[in-house]
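Below you'll find the structure, written out as structure tokens, and then a few comments.
The values are calculated or read from the model by the stated rules, or taken from the named source; none is laboratory data. Since this is a predicted model, take the numbers as computed values, not measurements. Glycine gets a Cβ as well: all are built from the backbone with ideal geometry, and neighbour counts include every protein chain shown. Note: areas computed on protein heavy atoms with side chains; ligands, DNA, RNA excluded. Shrake-Rupley method; radii C 1.70, N 1.55, O 1.52, S 1.80 Å.
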Amino acid sequence: MSSSVTSRPTALYGGQAGRRVTVRDIAAAKERGERWPMVTAYDAMTARIFDEAGIPVLLVGDSAAMVVYGYDSTLPVSVDDLMPLTAAVVRGSSRAMVVADLPFGSYQASPQQALETAVRFMKEAGAHAVKLEGGRRVLPQVEALVSAGIPVMAHLGLTPQSVNVFGGYRVQGRGQSGDELMADAKDLEAAGAFSVVLECVPAELAERVTTSLSIPTIGIGAGPSTDAQVLVWQDLMGLTERPAKFVKKYFNLAQEMDQAVRAFADEVTAGAFPTPEHTYH
Ligand code: KIV
């Protein structure tokens, strides 16, 4: 790929480098009918690559529980686990809006708890917005955050923190529950959320929600009609062993890394590395 392609900023930046994407840019993109990409990031180096490629929003997802910390769900990860990752992504980027995911147990208890957690992500890690999961049951939390000046990204559909209630990672919003999801989305918009992630829902429902809301929808396993699309970077780069049906693998990083580290190991055992080129005198 040529560097002019890899360094092209998305239209969301309005042609301006040197400043971060804001919620106003996100709202303007919806008005213009512009689609945009979001990816997860958990460290400074990958954040810099995605930022320079023009990804306008980086999500420090609680998916870090699985892809960084090796748990089998998102439930065990804590605020203290995600705080340094968020700070690293902020340091590694200069143009993207960095959204911090509020982990399980850090906001459900009360609006006060949500506020305390979100304030930590904003003050200590430098996040520009937070994301939380749920519909009408978290409206008081969304209202408290928004009135404190904290932009909130909502998350509906397959909300992984509720995997035990769903009985597994399965498509949500089929049949009548689609109407409930639509009502949740409208209430979240009214409460002040600036965007909403729709995860693993039928494409027709995602399209209906997208056309009914004035805030952008961000799809993951929600078909082609949402305003934005998000993927976990390890999924899109081909690091994940058994990705979900909605994942498209844009690279085979696992294979590339396997070959590279085997080549290194072979050269070390054969005494072929380091050569004079990589040696100080
Ligand atoms: O935690 C995460 O990475 C997410 C995205 C998949 C939306 O919530």
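The set of residues in segment 26-46 that are without any contact (Cβ under 8 Å) to a residue 40 or more places away in the chain and in a helix (DSSP H, G or I) comprises 28, 31, 32.
Taking the options 154, 114, name whichever one is of a type in the set (Gly, Ala, Ser), assigned to a helix (DSSP H, G or I) and closer than 30 Å to residue 12 by Cα.
Numbers: 154 fails: assigned to a helix (DSSP H, G or I).
When all the criteria are applied, what remains is 114.
Per the conditions (1) within 12 Å of the ligand (Cβ to nearest atom); (2) touching a residue at least 24 places away in the same chain (Cβ under 8 Å); (3) part of a helix (DSSP H, G or I), the sole criterion not satisfied by residue 87 is (1).
Quick check on residue 229: is it among the polar types (S, T, N, Q), open to solvent by 40 Å² or more (accessible area, probe 1.4 Å) and touching a residue at least 24 places away in the same chain (Cβ under 8 Å)? Let's see the steps before the verdict.
Details: among the polar types (S, T, N, Q): yes; open to solvent by 40 Å² or more (accessible area, probe 1.4 Å): yes; touching a residue at least 24 places away in the same chain (Cβ under 8 Å): yes.
Taking the combined requirement at face value, the residue satisfies it.
Only residues that are open to solvent by 40 Å² or more (accessible area, probe 1.4 Å) and within 16 Å of the ligand (Cβ to nearest atom) were counted across segment 98-115, and they come to 3. Of the residues making up segment 51-67, those that are of a type in the set (Gly, Ala, Ser) and either touching a residue at least 40 places away in the same chain (Cβ under 8 Å) or more than 11 Å from the ligand (Cβ to nearest atom) (or both) number 4.
For residue 165, are the conditions met, namely being assigned to a helix (DSSP H, G or I) and either open to solvent by less than 10 Å² (accessible area, probe 1.4 Å) or β-branched (Val, Ile, Thr) (or both)? It is true that residue 165 is assigned to a helix (DSSP H, G or I) and either open to solvent by less than 10 Å² (accessible area, probe 1.4 Å) or β-branched (Val, Ile, Thr) (or both).
Take residue 238 and tell me if it is under 22 Å from residue 63 (Cα atoms), more than 16 Å from the ligand (Cβ to nearest atom), within 20 Å of the chain's Cα centre (by Cα) and surrounded by fewer than 24 Cβ atoms within 10 Å (Cβ to Cβ). Against the criterion (under 22 Å from residue 63 (Cα atoms), more than 16 Å from the ligand (Cβ to nearest atom), within 20 Å of the chain's Cα centre (by Cα) and surrounded by fewer than 24 Cβ atoms within 10 Å (Cβ to Cβ)), residue 238 qualifies.
Would you confirm, using the coordinates I've provided, whether residue 77 is in contact with an Asp or Glu (Cβ under 8 Å, 6 or more places away or on another chain), within 16 Å of the ligand (Cβ to nearest atom) and either at pLDDT below 95 or open to solvent by less than 60 Å² (accessible area, probe 1.4 Å) (or both)? Talk me through it step by step, then tell me what you get.
On the way: in contact with an Asp or Glu (Cβ under 8 Å, 6 or more places away or on another chain): yes; within 16 Å of the ligand (Cβ to nearest atom): yes; either at pLDDT below 95 or open to solvent by less than 60 Å² (accessible area, probe 1.4 Å) (or both): yes.
Yes; evaluated as a whole, the condition is true for this residue.
Quick one: is residue 178 surrounded by fewer than 24 Cβ atoms within 10 Å (Cβ to Cβ) and touching a helix residue (DSSP H, G or I) at 6+ places or on another chain (Cβ under 7 Å)? Quick ask: steps written out before the conclusion?
Working: surrounded by fewer than 24 Cβ atoms within 10 Å (Cβ to Cβ): yes; touching a helix residue (DSSP H, G or I) at 6+ places or on another chain (Cβ under 7 Å): yes.
Answer is yes for this residue.
Candidates 217, 210: the one that is within 22 Å of residue 62 (Cβ to Cβ) and hydroxyl-bearing (Ser, Thr, Tyr) is 217.
Scan segment 142-155 for residues that are over 24 Å from residue 84 (Cβ atoms) and open to solvent by less than 10 Å² (accessible area, probe 1.4 Å) and jot them down. Result: 142, 154. Within segment 52-67, the set of residues being aliphatic (A, V, I, L, M) and buried (at least 19 other Cβ atoms within 10 Å of the Cβ) comprises 55, 57, 58, 59, 60, 64, 65, 66.
For every residue, the table says whether it meets (1) part of a loop (DSSP other than H, G, I, E, B); (2) aliphatic (A, V, I, L, M).
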{"residue": "251", "(1), (2)": "yes, no"}
{"residue": "257", "(1), (2)": "no, yes"}
{"residue": "268", "(1), (2)": "no, yes"}
{"residue": "277", "(1), (2)": "no, no"}
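Checked against (1) under 16 Å from the mean Cα position of the chain (by Cα); (2) over 15 Å from residue 230 (Cβ atoms); (3) within 16 Å of the ligand (Cβ to nearest atom); (4) not in a helix (DSSP H, G or I), residue 95 meets all criteria but (3).
If the condition is being in a loop (DSSP other than H, G, I, E, B), away from the ligand (no atom under 15 Å from the Cβ) and among the aliphatic types (A, V, I, L, M), then segment 183-230 contributes 213, 215.
Please go through segment 153-177 and give me each residue that is within 23 Å of the chain's Cα centre (by Cα) and of a type in the set (Gly, Ala, Ser), ordered by number. Can you show your working first?
First, the residues of segment 153-177 that are within 23 Å of the chain's Cα centre (by Cα): 153-166, 168-173.
Residues satisfying the conditions are 154, 157, 162, 168, 173.
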